[in-house]
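Below you'll find the structure, written out as C-alpha cells, and then a few comments.
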Amino acid sequence: MLKIAKPFLLILAGIIFLSPATVMATDAMQTELMNTLWVVIAGAMVFLMQAGFAMLETGMVRAKNAVNVMMKNYIDLCVGTLLFWLVGYGLMFGDNPSGFYGTSLFGLSSAPHWDYTLIFFQIMFAATAATIVSGAMAERTNYIAYLIGTCGITAIIYPVFGSWAWNEHGWLKQMGFIDFAGSTVVHSVGGWCALAAVILLGPRLGRFGDKGEARQVPGHNLSFIAIGGFLLWFGWFGFNGGSTLAVGTDLGHILLNTHMAGAAGAVGAMLVCFATRQPALLTGTVNGSIAGLVAITAGCASMQVPYAILTGAIGGGLSVLGTIWLEKMRLDDVVGAVSVHGICGVWGTLAAGLFLTGNMYDAHQVLVQLAGIGAAFAWVFFSALIMYYAISRVFGLRVSTMHEQRGLDITEHGEIGYPEFGKDVVYSSESLKGLSKI
C-alpha cells in the first residue's frame with residue numbers, strides 16, 4: 001500500500017513546495033536572511049571603527065596620556081551601548097507623533113528579530129558620535145566628567161536629533177532632508193559637542209603663547225595614527241554600505257563613492273597644505289581622508305562618482321582650513337574633530353543636496369539641507385554647552401594643572417602605557433595617592 005501511495009505523496013509534496021505562495025515565502029525568507037546577515041556584518045565593521053578612533057587619538061596625544069585616551073574610547077562604547085539601548089533607541093526610532101522624539105521601544109526586550117538587528121547596527125552609530133568628542137578633549141579632561149558627557153550624548157543629544165532626521169515621522173525627514181548615513185546626524189553631532197567641550201575646557205598648557213601664537217604639541221606615535229586611519233576607512237564601508245539596510249545592486253556604487261571620497265580627501269588636504277605653504281604631515285593627510293569620508297556619508301547613495309570625488313576633495317581641504325581657523329580662535333582641538341567631523345559634516349550634508357542625481361542644484365532641496373544643518377547646530381551645540389557647563393560646575397570638567405603636567409594615565413587611572421620610561425620617579429601606582437591630593 002505504501003509503495004503504491006509513495007509516488008502520489010511525492011507529487012503532492014512537489015505541488016506544495018513548488019506552489020507560487022511557497023516559493024514567494026521562501027524568497028522572502030531568503031531576502032530577510034541576506035539583509036540581516038549584511039546589516040550584522042556591517043555593524044561589526046562599524047564596531048571596528050572604535051578601534052580606529054582609539055588608535056588615531058592615542059597616536060595624536062603624548063605618551064603620558066595614552067592609557068587615558070584608550071580608556072575613554074573603550075568605555076564610552078560600553079556606556080553608550082547600554083544607554084542607547086535603554087533610552088536612546090526609543091527616542092530616535094520609537095513612535096514619533098510630534099515629529100521631535102520617539103515615545104516607545106525603550107529598553108527593547110521583546111520584538112521581532114529585525115528590530116534587534118537594527119538596534120545592534122544603530123548602537124555602533126551612537127558610539128561613533130560619542131567617541132568623536134574624546135579626541136578633542138584629550139589631555140586635560142576629568143575622566144568621570146567625560147563619561148557623564150558621553151551619557152548625555154548617547155541617551156539624549158544624539159537620539160533626539162536623529163529622530164528629527166531619520167525617524168519616518170521626524171520633522172526633518174518629512175521635509176525631505178537627505179543624510180543617508182550621517183554626515184550631520186552622526187558626525188556633525190559629534191563635532192558640535194566637541195566644539196562646546198573645547199570652548200569650556202580651554203587649551204592645554206603651553207598650547208598658545210602670550211600673543212596667541214599656536215605652538216605645536218606633537219603626538220607620540222605616528223604609526224598608531226596611520227593604522228587608526230586604515231581601520232576607520234575599512235569600517236566606513238560598513239558605515240555607509242550597511243545604511244542601505246538591505247542587500248542590493250546599489251552597494252557597489254555606495255562603496256565606490258565612499259572609497260573615492262576618502263582618497264580624494266587625502267589629496268585635497270595635501271593640496272591645501274601646499275597652497276598654504278604648510279608641510280604635508282601624516283596627521284593632516286590621515287585627517288584629510290577621514291574628512292572626505294565624513295563628507296560623502298550623507299550623499300554616498302545619491303550622487304555620481306565624479307561628484308563624490310569633488311565632495312571628498314573639498315572635505316579634505318576644509319579639514320586643513322578648519323584647523324587653521326580653530327587655532328586662530330585659540331581653540332585647542334587635539335585631533336581636529338571639530339573641523340573633520342563638524343565642518344566637513346556640514347559640507348557633506350550640503351553637497352548631498354547640491355549634487356543629488358536627477359535633481360542637481362535644486363534651490364528647495366538646498367534650503368532643506370541648510371535647515372537640517374542649522375537645526376543640528378542649534379540643538380547639539382547649545383545642549384552640549386549647557387551639559388558640559390553643568391558638569392564643570394558639579395564635577396569639574398578639567399583636571400588640575402599638576403595632574404595635566406604629570407599626565408592623566410597615572411593621575412586618572414594609576415597606570416601608564418609605557419612603564420619603562422621614567423620609572424622610580426612619578427610614574428608608579430604608589431604615587432597616585434599623593435598626586436590625588438594635589
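The values are calculated or read from the model by the stated rules, or taken from the named source; none is laboratory data. Since this is a predicted model, take the numbers as computed values, not measurements. Every residue, glycine among them, receives a Cβ derived from its backbone with ideal geometry; neighbour counts consider all protein chains shown. For the accessible areas, the whole protein counts, side chains as well, though only heavy atoms, and no ligand, DNA or RNA atoms are used. Shrake-Rupley method; radii C 1.70, N 1.55, O 1.52, S 1.80 Å.
Taking Gly299, Gly102, Gly358 as the candidate residues, the one with maximal mean-square fluctuation in a Gaussian network model of the chain, Cα springs under 10 Å, is Gly358.
For segment 369-402, list residues with backbone N below 18 Å from a point placed 7 Å from the Cα of Leu82 toward its Cβ? Counting only backbone N, you get no residues. Taking 0.36 nm per residue of sequence separation and removing the Cα-Cα distance, the Ile144/Val366 pair yields an extension gain of 75.8 nm.
Taking a ≥ b ≥ c as the square roots of the Cα gyration tensor eigenvalues, segment 161-231 comes out oblate, since a/c reaches at least 1.5 and a/b does not exceed b/c.
Ranking His187, His403, His364 from most to least accessible surface, computed with a 1.4 Å probe over the protein chains only, gives His364, His403, His187. Considering only Thr81, Thr285, Thr36, the mean-square fluctuation computed in a Gaussian network model of the chain, springs between alpha carbons under 10 angstrom, is largest for Thr36. Toward the positive end of the charge dipole of the chain, with +1 on the Cβ of Lys and Arg and -1 on the Cβ of Asp and Glu, the farthest Cα among Thr349, Thr141, Val87 is that of Thr141. Given R0 = 22 Å, the distance between the Cβ atoms of Ala378 and Phe100 translates into a calculated FRET efficiency of 0.95. Between the amide H of Arg398 and those of Asn142, distances stay under 5 Å, these residues lying 5 or more places away or on another chain, with hydrogens modeled in the peptide plane.
When the GluC sites (Glu not before Pro) in segment 115-221 are filtered for DSSP coil states and for at most 13 other beta-carbon atoms within 10 Å of their beta-carbon, the remaining sites are Glu168, Glu213. Taking each DSSP H run with n ≥ 4 as -39500 (n - 2.57) and averaging over every residue of the chain yields -21000 deg cm²/dmol at 222 nm. With a 1.4 Å probe rolled over the protein heavy atoms of all chains, the accessible area of Ile144, Ile254 falls in the order Ile144, Ile254, largest first. I'm spelling it out carefully: the read-out is P(r) over Cα pairs in 20 Å bins from 0, in percent, the candidates are (i) 28, 62, 11, 0; (ii) 27, 56, 16, 1; (iii) 25, 53, 16, 5, 1, 0, and one was derived from this structure. Which label? Matching the structure shown: (iii). Springs join every pair of Cα atoms under 10 Å in this Gaussian network model of the chain, and among Glu420, Glu32, Glu412 the largest mean-square fluctuation is at Glu420. Take the Cα of Ala390, step 7 Å toward its Cβ, do the same at Ala44, and the gap between the two points is 3.9 nm.
Per the Debye calculation on segment 346-414 with a single equal scatterer at every Cα and no solvent contribution, log₁₀ I(q)/I(0) for q = 0.13 Å⁻¹ amounts to -0.61. Where in segment 345-380 does the amide nitrogen come within less than 18 Å of the point 7 Å from the Cα of Trp325, taken along Cα to Cβ? Output list for this probe position: 345-352, 370-380.
Computed from the C-beta positions of Tyr74 and Tyr116, the FRET efficiency with R₀ = 35 Å rounds to 0.90. Taking the accessible area of segment 234-380, probe 1.4 Å, and keeping the other protein chains in place, the carbon and sulfur fraction comes to 73%.
For Arg330, Arg406, the ranking by accessible surface with the largest value first comes to Arg330, Arg406, using a 1.4 Å probe.
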